[in-house]
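Report on the structure given below.
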Amino acid sequence: MANTPSAKKAARKIQRRTAINKARRTRVRSHLRKVEEAIASGDQSAANDALKAAQPELMRAVTKGVFHSNMAARKISRLNSRIKSIGA
């Protein structure tokens, strides 16, 4: 447990940031789930639209430090290639 005033303040800040990051992570996962569902249904246009909506959310999470940039790029790339394979 934090004893000094600065450590107590740091603990409060960490709690606030954790709540914000958790909400952001949940929002990104929801967008990714919509893309996955569209891919599973076989609807290429819906999957494309869902990916276009998910990309800014993913990149926003990257700039805020919630996700690593390489992870986001990898997810976008793999989802994009899976969407393209639906049409083939």
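Hey, any hits in segment 65-80 for a residue that's within 30 Å of Met1 (Cβ to Cβ) and not in a helix (DSSP H, G or I)?
Looking through segment 65-80, at least one residue is within 30 Å of Met1 (Cβ to Cβ) and not in a helix (DSSP H, G or I).
With respect to Val62, is the statement that it is assigned to a helix (DSSP H, G or I), at pLDDT 95 or above, under 22 Å from Leu79 (Cβ atoms) and touching a Leu at 6+ places or on another chain (Cβ under 9 Å) true?
Criteria not met by Val62.
Would you mind telling me which numbered condition in (1) outside any helix (DSSP H, G or I); (2) surrounded by 14 or more Cβ atoms within 10 Å (Cβ to Cβ); (3) at pLDDT below 95 Ile86 fails?
Unmet condition: (1).
The values are calculated or read from the model by the stated rules, or taken from the named source; none is laboratory data. These numbers come from a predicted model, not from an experiment. Cβ coordinates were reconstructed from backbone atoms using ideal geometry, including for glycine residues, and neighbour counts include every protein chain displayed.
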